[in-house]
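One structure is given here, and the rest of the page talks about it.
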Amino acid sequence: MKISLAGDLGSGKSTVTDLLLKATGAERYTTGKIMRDLAAARGMTIDEFNRSIEGNPEVDKLIDDGLRALSDDPRDLVIDSRMAWHFTRGTFRVYMTTEPEIAAARIMAAGREGERFATLDEAVTRIAARRASEKKRYFEFYGVDITDLFNYDLVIDTSYAAPEQIAEAILSALSDWQRDETTRACLVCPRRLRYPDDPPDETAIAACDLLIETGKTLPLSDVVFFESGFYLAGDPSAALSVASYDLPFVPCRLVRGRVDRTYIRMENTL
């Protein structure tokens, strides 16, 4: 069993990894610590180190070779890495996504060396710049977009769910994927969803409420991911029902599309 965890900075990968290790008995492999140690050895912040290696593939090659070798490693592993989904064969590929302000607050609270910020706004700006640097570097080296959510078997929003709920959802999705490796899942915290500013279909909402009350499977909500937001592309009734029952996730189907209407943030209606 190998789970690769990629995702937004501050999405809680370290915390969730701890829970997954405890639940499965797997071992940890993290490239983030390798990068922070390399930066510290050079007397740099992680942002400075990322900028310094743009256009220089040697550090990335060193890390990539280690990820490739994990493909034949017999151990059960949870791999915290931007690129394990690409280089390590046979992994359950998970992407953890989080609201930028929530991610910044988490990173500020962690207070790791090289990741100190004076204000939340500074943290949001610098974290976005770091992410852009990583995205640019990986696209130049490998021709892949690490922020393209269609690369992954599970996309899970960690903005408002508890770490224990996130770990449990990952393991449940892993079980589905182990039965059928073509399975794809997307779980979004209701408060993060945006839905069209149209009158909701009360009949459809009532039907979804009945499904929840009787323990039946809800229809998937189609969502488009755009500029750090999840936008409902189809009927919002299932998502609205989940939100009203205070459930941690809306089961979604990620689709490509355009965001060209007026939307309401779900959290403003809860």
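The values are calculated or read from the model by the stated rules, or taken from the named source; none is laboratory data. What you are looking at is a predicted structure, and each value in this text was computed from that prediction instead of being measured. Positions of Cβ are backbone-derived with ideal geometry, glycine not excepted, and every protein chain shown enters the neighbour counts.
Scanning the stretch 104-125 for residues that are surrounded by fewer than 16 Cβ atoms within 10 Å (Cβ to Cβ) and assigned to a loop (DSSP other than H, G, I, E, B) yields a count of 7.
Table: residues versus (1) in a helix (DSSP H, G or I); (2) surrounded by fewer than 19 Cβ atoms within 10 Å (Cβ to Cβ).
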site	(1), (2)
Ile146	no, no
Ala161	no, no
Ile170	yes, no
Thr183	no, yes
Pro199	no, yes
Ile205	yes, yes
Cys208	yes, no
Ile212	yes, yes
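Within the stretch 234-259, the set of residues being part of a strand (DSSP E or B) and surrounded by fewer than 16 Cβ atoms within 10 Å (Cβ to Cβ) comprises just one member, Arg253.
Inside the stretch 158-186, residues that are touching a helix residue (DSSP H, G or I) at 6+ places or on another chain (Cβ under 9 Å) and farther than 20 Å from Ala84 by Cβ make up a count of 6. For Ile156, the stated conditions do not hold, so it cannot be described as among the hydrophobic types (A, V, I, L, M, F, W, C), in the same structural domain as Gly7 (by TED's automatic domain parsing) and either loosely packed, with under 13 Cβ neighbours inside 10 Å or in a helix (DSSP H, G or I) (or both). Restricting the stretch 236-270 to residues that are of a type in the set (Phe, Trp, Tyr) and under 27 Å from Ser172 (Cβ atoms) leaves a set whose member that is farthest from the chain's Cα centre (by Cα) is Tyr245.
Please verify whether Asp76 is assigned by TED's automatic domain parsing to the domain that holds Ala129, surrounded by fewer than 21 Cβ atoms within 10 Å (Cβ to Cβ), over 29 Å from Val124 (Cβ atoms) and in contact (Cβ under 8 Å) with a residue 40 or more places away in the chain, treating the condition exactly as stated. Outline the logic, then answer.
Numbers: assigned by TED's automatic domain parsing to the domain that holds Ala129: yes; surrounded by fewer than 21 Cβ atoms within 10 Å (Cβ to Cβ): yes; over 29 Å from Val124 (Cβ atoms): yes; in contact (Cβ under 8 Å) with a residue 40 or more places away in the chain: yes.
The answer is yes for Asp76.
The helices (runs of 4 or more DSSP H) found entirely in the stretch 1-103 that carry 2 or more residues being modelled with pLDDT of 80 or more and touching an Asp or Glu at 6+ places or on another chain (Cβ under 6 Å) are 13-24.
Of all residues in the stretch 162-212, those satisfying the criterion of being in contact with a strand residue (DSSP E or B) (Cβ under 6 Å, 6 or more places away or on another chain) and of a type in the set (Gly, Ala, Ser) are Ala169, Ala173, Ala185.
Within the stretch 188-235, the only residue that satisfies the criterion of being over 17 Å from the mean Cα position of the chain (by Cα), under 16 Å from Asp157 (Cβ atoms) and among the basic types (Lys, Arg) is Arg194.
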